[in-house]
Amino acid sequence: MRASPRLPLSLSLSLLLVGLACERGAAPEPIARDTKAEQPPSTPPSDKPADAKPDAKPDAKPDTAPDTKPETPVPQAPAFTPPTRPAGPAGPAYFALDDRGIVRLDDGKFTLLANSPTTLIKGLQLGGDGAVWVVGFQDVLRLDGDKFKKITEAGYSEIGGSVDAFAVTDKGELWAATFKGVSHFANRAWTTEEKAKIGAGDDLLAGIVVDKAGRVWALSTHKLHLLENGAWRDIDVSSAGASSMLFFESLALAPDDSVYALASTALLHVSPAGVATKVALGGRSIASYGRLTVASGGGLAARDGDSAINWPAGGEPRVYESRDGKDFRADNIKAVAADDSGRLWVSSELGVAILGPGDAKVEWPSGTVPELVGEVEAILVLGSGPAQLPAAGPLRKGGLTGKVLSNGTPQANVPVELCPSPDMMFSDSPCADSAVKFAVTTNDKGVWTVPELPLGTYGIAVKLGDKWQITLGERLGQGMQEGKVYDTGSLALDRP
């Protein structure tokens with residue numbers, strides 16, 4: 001089990017005081033009582049005659065008839081309906097794999113696309129011009145057939161920072177959000193407006209979209225901004241009734257030129273006129289939202305912790321749970337996407353799952369699709385998605401080995417664990433709660449070996465002395481091959 005976080009002392013004392021107050025309060029009445037044994041005491045005798053009227057107060061008002069006017073009912077806001085358009089035809093699906101590139105699924109076949117970026121892949125999307133676009137490191141690329149073509153560089157020398165989010169207009173122009181501000185690429189040149197000018201202050205920029213009218217919507221940590229008629233202004237989202245300050249993290253465009261602004265605890269819908277509404281996605285009472293995407297037909301997909309939410313166009317939202325494998329198997333959900341046929345696409349460190357419509361399910365566990373070995377960081381599905389979904393193949397396995405050093409000295413008899421995501425908070429060990437885990441011990445030369453495990457990427461945890469150490473960001477297995485043992489090299493750690 002995962003370790004429960006300790007409560008602060010002040011909070012613990014507060015809870016104790018609340019408990020004591022409850023114990024000292026009046027006990028609830030039992031359901032059944034003996035009314036004969038609890039008659040009220042008799043009324044003390046009075047000197048007034050039986051027909052005497054009670055003493056009147058000097059300023060007492062005469063009795064009046066009660067006000068029988070019915071209360072005016074409070075109008076209820078209509079349930080939110082996502083803006084939609086007719087479903088698109090069948091189309092391909094695209095998967096962005098870190099250290100591998102962009103893989104396309106079409107006609108039941110997976111293809112690794114040439115010249116696709118392999119590091120810092122961001123913003124895999126369908127542009128307003130109808131082409132597939134992506135950013136990798138400092139390059140902005142557009143898909144041309146089976147190969148990506150570099151359109152422009154977008155680095156510190158061009159826009160003052162790396163691209164965090166971008167949007168493509170129907171004319172192929174680019175708008176990008178960076179740490180510095182908002183940049184625009186047109187006529188083969190970049191121009192940039194700093195964050196202070198658009199009203200974001202020192203906040204980070206979290207998203208950017210361009211509607212059909214050419215208006216630019218930008219999302220910062222706490223605000224939604226709109227560029228219209230050459231001027232930036234803030235959009236008031238207080239009418240959405242959010243209970244606290246929101247921390248926005250992504251922005252998406254709906255089919256009717258309205259936008260969705262996603263925060264970790266709420267999803268807001270903002271009409272083209274700037275009217276904000278809070279959208280109930282269902283699921284847990286305390287949300288942990290992320291990874292919002294909108295299908296071409298208007299369907300929504302989002303992550304909520306270890307759950308994935310699908311709201312197909314014209315339907316109702318449904319929450320798919322991965323905990324204990326209830327609806328699908330997942331560990332650390334990386335990406336979600338919706339298609340116009342009502343399906344939800346989810347990637348995690350355990351593989352890829354396609355859920356819906358209804359209870360339909362296709363799963364590709366890690367190692368069963370050679371082209372998808374690794375971390376799928378983003379998914380893009382066009383139209384109604386692929387009409388043909390291949391079945392998972394046989395589980396392909398390889399081996400991993402490595403060496404543990406401390407101050408240059410091999411560490412013998414040291415416990416080592418491998419799993420997709422070692423936990424930083426745990427009760428037994430970092431990989432104890434993982435659905436896929438492997439535990440070994442180093443030999444007298446400090447070498448550990450797992451001879452057979454599914455092809456994929458893994459994190460590593462090492463126990464030196466009585467303390468576990470987790471190498472954050474260390475991804476093992478990216479060079480694995482079926483039937484071979486891949487040497488991950490030496491891992492230098494400090495002994496506590």
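What is the Cα centroid distance between region 367-389 and region 443-476, reported in whole angstrom?
Each part reduced to its Cα centre gives a spacing of 28 Å.
For Thr449 paired with Lys484, estimate the spin-label separation in nm (one decimal), with each label point 7 Å from Cα along the Cα-to-Cβ line.
Output for this residue pair reads 1.6 nm.
At what distance in nm do the modelled label points of Asp106 and Lys171 sit from each other, each positioned 7 Å from its Cα along Cα→Cβ?
Between Asp106 and Lys171, the simple spin-label model gives 2.8 nm.
Of the cross-linked pairs Lys122/Lys463; Lys197/Lys278; Lys403/Lys467; Lys149/Lys484, which ones have a Cα-Cα span greater than 23 Å in the structure shown?
Distance filter (> 23 Å) returns Lys122/Lys463; Lys197/Lys278; Lys149/Lys484.
Note down the nm distance, to one decimal, between modelled labels 7 Å out along Cα→Cβ at Gln388 and at Ala439.
The two pseudo-label positions are separated by 4.5 nm.
Using the per-residue mean of other Cβ atoms lying within 10 Å as a proxy for protection, in what order, highest first, do the peptides 284-295, 334-345, 309-320 fall?
In decreasing order of mean packing, 284-295, 334-345, 309-320 become 334-345, 309-320, 284-295.
If r is the Cβ-Cβ distance from Ser285 to Asp324 and R0 is 22 Å, what FRET efficiency results, to the nearest 0.05?
In this case the efficiency is close to 0.65.
Whole angstrom only: what separates the Cα centroid of region 254-300 from the Cα centroid of region 112-157?
26
So if R0 is 25 Å, what FRET efficiency would Lys467 and Asp306 give, r being the distance between their Cβ atoms, rounded to the nearest 0.05?
0.35
Tell me whether region 397-492 comes out rounded, prolate or oblate; compute the Cα gyration tensor, take square roots of the eigenvalues as a ≥ b ≥ c, and use a/c under 1.5 as the rounded threshold.
Because a/c hits 1.5 or more and a/b fails to exceed b/c, region 397-492 counts as oblate.
Every number in this text was worked out from the coordinates using simple rules, so none of it is lab data. It should be emphasised that the depicted structure is a prediction, and the values quoted were computed from it without experimental measurement. We place every Cβ from the backbone using ideal geometry, glycine too, and count neighbours over all the protein chains shown.
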